[in-house]
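Next up is a structure, given as structure tokens.
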Amino acid sequence: MYIKNTCRIRDRIEVEKHYPGNYGAPGKKREPKRERTPEEMAKQNLWRKTRYLRRLIELNFNPGDFHTILTCRKEDRPETEEAPKIIRKFRDKLQREYKKQGWILKYIITCEIGKRGAVHWHMIINNCQNERTNTSKIIHKYWTRGRPWFIPLDDSGDYEKLAEYIVKETAKRIKNEKTIEKLSYIASRNLIKPVVRQKKVNANRWQKNPKPPKGYHVIPESIVNGRNKFTGLPYQYYTIKKNRRRG
């Protein structure tokens, strides 16, 4: 038996197949198992955090939403201990303004400290607008410490690089003990969380070239076949996407 994990991200399903550590692949001689080093465990943990954040972004944000960078003028840079209070106060103002406009605020926020000690924030936020105002105007109104920069999310639907940047930078910040917060980012509670479904499958059904269910196709470049260097057992990753309706 092998384990098959699936996670639905809009019109795609990400698939991960692997054998439990106490199983051997059929017809394959199992390689000697070895323990992970602390460095390898940290790398694996970083990869998992990045994957989770990427899925969170892709499930909740759309092309045209903003990756906003909130910078501070030199004279308005807060001390590290003040940073959480400042960003939460700003977030609360956004929530009140969004509610006033009849919108629902969605966000992911992380704090970053530059090489010279300059505190700034990265915020992924849903972009809303009406005839009276829009997200950009609201942020400019309430962010008074410096200049906000806006980077619209592209239409690729793949935000791995953005998630990787946020996770790596905040992991570095936490490691250097430059923050009193232990979470690498804060997110609004209304975000749709990625759900991973797991099932056991007969080992004889393992296919090196996966076949999609009816109505889907496999994204060729997403297929990864490999062998776990710790257990010696094979694994496979791939993504299937829903076919577009004709006409």
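The values are calculated or read from the model by the stated rules, or taken from the named source; none is laboratory data. Predicted, not measured: the structure shown is a model, and the values here were computed from it. Cβ placement follows ideal geometry from the backbone for every residue including glycine, while neighbour counts extend to all protein chains displayed. Ligands, DNA and RNA are stripped out before the accessible areas are found, and what is left, the full protein with its side chains, is counted by its heavy atoms. Shrake-Rupley method; radii C 1.70, N 1.55, O 1.52, S 1.80 Å.
In region 36-79, what count of residues is obtained for those that are part of a helix (DSSP H, G or I) and over 22 Å from residue 238 (Cα atoms)?
The number of residues fulfilling the criteria is 8.
Now for a separate question. If you scan region 220-241, which residues turn out to be modelled with pLDDT of 90 or more and loosely packed, with under 14 Cβ neighbours inside 10 Å?
Within region 220-241, 220, 221, 224, 225, 226, 227 qualify.
Please state which one of 104, 151 is open to solvent by 70 Å² or more (accessible area, probe 1.4 Å) and assigned to a strand (DSSP E or B).
151
For region 107-117, state whether one or more residues are under 26 Å from the mean Cα position of the chain (by Cα), on the phi > 0 side of the Ramachandran plot, at pLDDT below 95 and surrounded by fewer than 16 Cβ atoms within 10 Å (Cβ to Cβ).
yes
Scan region 75-86 residue by residue and report those that are at pLDDT 90 or above and open to solvent by 30 Å² or more (accessible area, probe 1.4 Å).
Answer for region 75-86, where residues must be at pLDDT 90 or above and open to solvent by 30 Å² or more (accessible area, probe 1.4 Å): 75, 76, 85.
Do we have residue 96 as out of contact with any Ser or Thr (no Cβ under 9 Å at 6 or more places or on another chain), charged (D, E, K, R) and not in a helix (DSSP H, G or I) here?
no
Kindly indicate the residue of region 118-139 that is in a strand (DSSP E or B) and closer than 14 Å to residue 69 by Cα and also modelled with the lowest pLDDT among those meeting that condition.
Only one residue fits best here, namely 119.
Among (1) among the acidic types (Asp, Glu); (2) at pLDDT 95 or above; (3) more than 23 Å from the chain's Cα centre (by Cα), which single condition is residue 31 missing?
That leaves (2) as the condition not met.
Here's a follow-up. Which ones in region 188-219 are open to solvent by 60 Å² or more (accessible area, probe 1.4 Å), of a type outside the set (Lys, Arg), more than 14 Å from residue 14 (Cα to Cα) and part of a loop (DSSP other than H, G, I, E, B)?
190, 192, 202, 207, 209
In this structure, is residue 157 farther than 20 Å from residue 72 by Cα, open to solvent by less than 60 Å² (accessible area, probe 1.4 Å) and of a type outside the set (D, E, K, R)?
Spelling it out, residue 157 is indeed farther than 20 Å from residue 72 by Cα, open to solvent by less than 60 Å² (accessible area, probe 1.4 Å) and of a type outside the set (D, E, K, R).
Ok, one more. Just to be sure, is residue 178 farther than 16 Å from residue 14 by Cβ, modelled with pLDDT under 95, open to solvent by 20 Å² or more (accessible area, probe 1.4 Å) and not in a loop (DSSP other than H, G, I, E, B)?
no
Out of everything in region 120-147 that is under 15 Å from residue 76 (Cα atoms) and more than 22 Å from the chain's Cα centre (by Cα), what residue ends up being most open to solvent (accessible area, probe 1.4 Å)?
Ranking the qualifying residues of region 120-147, first place goes to 147.
Okay, moving on. How about region 40-70: which of its residues are within 26 Å of residue 155 (Cα to Cα), open to solvent by 20 Å² or more (accessible area, probe 1.4 Å) and of a type in the set (S, T, N, Q)?
The answer is 62, and nothing else.
Of the conditions (1) under 16 Å from residue 188 (Cα atoms); (2) modelled with pLDDT under 95, residue 60 clears all except one; give me its number.
Of (1) under 16 Å from residue 188 (Cα atoms); (2) modelled with pLDDT under 95, only one is false for residue 60: (2).
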